[in-house]
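Chemist: A single structure is presented below for examination.
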Amino acid sequence: MNTPRPPLRSLDEAMESLLSHASPLPPESVSTVEADGRVLAEDLVSSLQVPPQDNSSMDGYAVRRGEIADEGVPLPVSQRIPAGSAPQPLQPGTIARIFTGAPVPAGADAVVMQEDTEALDDGRVRIQRVPSEGQWIRRSGEDITRGSTVLARGERLGPAAQGLAASIGRDRLQVARRPRVALFSTGDELVMPGQVAPEAMKPGAIYNSNRFFLRSLLLRLGCEVQDLGIVPDVREATVQALREAARTSDLILTSGGVSVGEEDHIKPAVEQLGSLDLWQIAMKPGKPFAYGRVGDAHFMGLPGNPVSSFVTFLLLVRPFLLKLQGASQLHPRALQLPAHFDLQRPDKRREFLRVRRDAQGGLELFPNQSSGVLTSTVWADGLVDNPGGQAIRRGDLVRFLPLAEWLA
Ligand code: AMP
Ligand code: MG
């Protein structure tokens, strides 16, 4: 079957089209402690106040301000309130020993830290000066009020959010099911590190590096990865691998073999088994990116060049996988930063340059922007998103996309 070749798309059009195919996966319940990196599939509404009651933020004494004077007043200690205990109302004319996190007794309107007091021989304690209203008291509900939404559906959970969920008593959460991704690399030149020693490499052979970063990128996005290894540049083998991958996965992700050469079998194999909806994007690196369907699975074919593979993953695969999980934030937040370099001959395609922030907060450019130079992606801490055909002069503000947010 030979379908007509779809036209080269702009990145924005490609993104929109891709995202329109990503309908959310069903929710499942996970333990809050295991929820790091998962996407919340419910609004978390608090049924209690946090903190639950007024409590002390210091070790010291709970007092009635009206009973204290600036010249210092000695008062008897009528109760001792450690954290976790339930105090009696504060007896008039007395103070209460209190510790950090302990509930403030009814009647008390301030806490005096122990450093501002003096213990007398007769057991009384002198409060040196009048505290301000509410001093060292953490108010009930100052973090969370009953009935408020503390985390919204679509939030991607991290350590702080896990803690927040626990603070309202949630030990389990509804999150989107993990996307199942089948991954394989194509290329007769590829060998796996560990299978062939560097000194035993045959002429023309290279190590499969894409598999290593793609797998890690997928795991960081909460995916279950089925690793189908290396598939040779043979049509039938490619068809077989796609067929197997489609059986079990939500997404089939491949690298290499998606250009126009005779050794590129991905495109015809996908067309044989399913459909190819998108092929080639006006961007650099990463022009040969493909999207289609094989059976019930989505298919994404990344270019073989390592930097192209890395960049197209971040720009296209990542938001797709987040949308599958119902995430509300699909893209990193861009910053406008000054270029500390010149780009005299821009590409006519929209280009993603490997850059790094310097100590002055400007951007340095990695000298070799070739799509085969993986060193650039380790050196870089972000990409500049440069419109097609636009030269950059030192000092120009450019659109910087931080890798740290992308890799989170
Ligand atoms: P392709 O997209 O298959 O034409 O490959 C483009 C370039 O990327 C070629 O130089 C390949 O050798 C290289 N390449 C393809 N796949 C990988 C991989 N998994 N790891 C490292 N380099 C690769
Ligand atoms: Mg190839």
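Chemist: In this structure, does Arg220 turn out to be within 16 Å of ligand 2 (Cβ to nearest atom) and charged (D, E, K, R)?
Modeler: no
Chemist: A further question on this structure: Go through region 175-205 and count every residue that is more than 16 Å from ligand 1 (Cβ to nearest atom), of a type in the set (Gly, Ala, Ser) and more than 27 Å from Ala297 (Cα to Cα).
Modeler: 2
Chemist: Considering only region 175-191, state which residues are out of contact with any Ser or Thr (no Cβ under 6 Å at 6 or more places or on another chain) and farther than 16 Å from Phe212 by Cα.
Modeler: Across region 175-191, the qualifying residues are Val175, Ala176, Arg177, Arg178, Pro179, Asp188, Glu189.
Chemist: Which of the residues spanning region 38-50 are closer than 12 Å to Arg146 by Cβ and in a loop (DSSP other than H, G, I, E, B)?
Modeler: Once the filter is applied, which keeps residues that are closer than 12 Å to Arg146 by Cβ and in a loop (DSSP other than H, G, I, E, B), region 38-50 yields Ser46, Ser47, Leu48, Gln49.
Chemist: I want to confirm something. Restricting to region 257-278 and keeping residues that are farther than 15 Å from Val294 by Cα and more than 9 Å from ligand 2 (Cβ to nearest atom), which single residue is surrounded by the fewest Cβ atoms within 10 Å (Cβ to Cβ)?
Modeler: Glu262
Rundown of residues vs (1) without any contact (Cβ under 8 Å) to a residue 24 or more places away in the chain; (2) in a loop (DSSP other than H, G, I, E, B); (3) in contact with a helix residue (DSSP H, G or I) (Cβ under 8 Å, 6 or more places away or on another chain), yes/no style:
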position	(1), (2), (3)
Glu28	no, no, no
Asp36	no, yes, yes
Ala69	no, yes, no
Gln79	no, no, no
Ala86	yes, yes, no
Leu90	no, yes, no
Arg97	no, no, no
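Chemist: Within region 183-212, restricting attention to residues that are surrounded by 17 or more Cβ atoms within 10 Å (Cβ to Cβ) and assigned to a helix (DSSP H, G or I), which residue is nearest to ligand 2 (Cβ to nearest atom)?
Modeler: Asn210
Chemist: Let me ask you something else. Being among the small types (Gly, Ala, Ser), within 15 Å of ligand 2 (Cβ to nearest atom) and in contact with a Gly (Cβ under 7 Å, 6 or more places away or on another chain) is the filter here; which residues of region 279-307 pass it?
Modeler: Scanning region 279-307 gives Ala290, Gly304.
Chemist: Does region 308-322 include one or more residues that are free of Cβ contacts under 8 Å to residues at least 40 places away in the same chain and either within 16 Å of ligand 2 (Cβ to nearest atom) or surrounded by 22 or more Cβ atoms within 10 Å (Cβ to Cβ) (or both)?
Modeler: Yes, region 308-322 contains a residue that is free of Cβ contacts under 8 Å to residues at least 40 places away in the same chain and either within 16 Å of ligand 2 (Cβ to nearest atom) or surrounded by 22 or more Cβ atoms within 10 Å (Cβ to Cβ) (or both).
Every residue, every condition in (1) at pLDDT 95 or above; (2) in the same structural domain as His298 (by TED's automatic domain parsing); (3) aromatic (Phe, Trp, Tyr); (4) more than 30 Å from the chain's Cα centre (by Cα), yes or no:
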position: Leu190; (1), (2), (3), (4): yes, yes, no, yes
position: Asn208; (1), (2), (3), (4): yes, yes, no, no
position: Phe213; (1), (2), (3), (4): yes, yes, yes, no
position: Leu221; (1), (2), (3), (4): yes, yes, no, no
position: Arg243; (1), (2), (3), (4): yes, yes, no, yes
position: Ile252; (1), (2), (3), (4): yes, yes, no, no
position: Gly256; (1), (2), (3), (4): yes, yes, no, no
position: Asp264; (1), (2), (3), (4): no, yes, no, yes
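Chemist: Please state which of the following conditions Thr254 fails to meet, knowing it meets all the rest: (1) away from ligand 2 (no atom under 16 Å from the Cβ); (2) buried (at least 24 other Cβ atoms within 10 Å of the Cβ).
Modeler: (1)
Chemist: Moving on to the next point. Which one of the conditions (1) part of a loop (DSSP other than H, G, I, E, B); (2) outside the structural domain of Ala269 (by TED's automatic domain parsing); (3) surrounded by 13 or more Cβ atoms within 10 Å (Cβ to Cβ); (4) not β-branched (Val, Ile, Thr) does Gly147 fail to meet, given that it meets all the rest?
Modeler: Here Gly147 meets the rest and fails (3).
Chemist: Output the residues belonging to region 223-265 that are part of a helix (DSSP H, G or I) and more than 27 Å from Pro24 (Cβ to Cβ).
Modeler: Arg235, Glu236, Ala237, Thr238, Val239, Gln240, Ala241
Chemist: How many of the residues making up region 219-235 are small (Gly, Ala, Ser), within 30 Å of Leu40 (Cα to Cα) and within 15 Å of ligand 1 (Cβ to nearest atom)?
Modeler: 0
Chemist: Restricting attention to region 349-367, which residues are assigned to a strand (DSSP E or B) and either among the acidic types (Asp, Glu) or surrounded by fewer than 11 Cβ atoms within 10 Å (Cβ to Cβ) (or both)?
Modeler: The answer is Glu351, Glu364.
Chemist: Within the bounds of region 265-281, is there any residue that is within 13 Å of ligand 1 (Cβ to nearest atom), among the basic types (Lys, Arg), closer than 20 Å to Gly187 by Cα and without any contact (Cβ under 8 Å) to a residue 40 or more places away in the chain?
Modeler: Looking for residues that are within 13 Å of ligand 1 (Cβ to nearest atom), among the basic types (Lys, Arg), closer than 20 Å to Gly187 by Cα and without any contact (Cβ under 8 Å) to a residue 40 or more places away in the chain, one finds at least one in region 265-281, hence yes.
The values are calculated or read from the model by the stated rules, or taken from the named source; none is laboratory data. Only a predicted model underlies this, so the values are computations on that prediction, with no experimental measurement involved. Glycine gets a Cβ as well: all are built from the backbone with ideal geometry, and neighbour counts include every protein chain shown.
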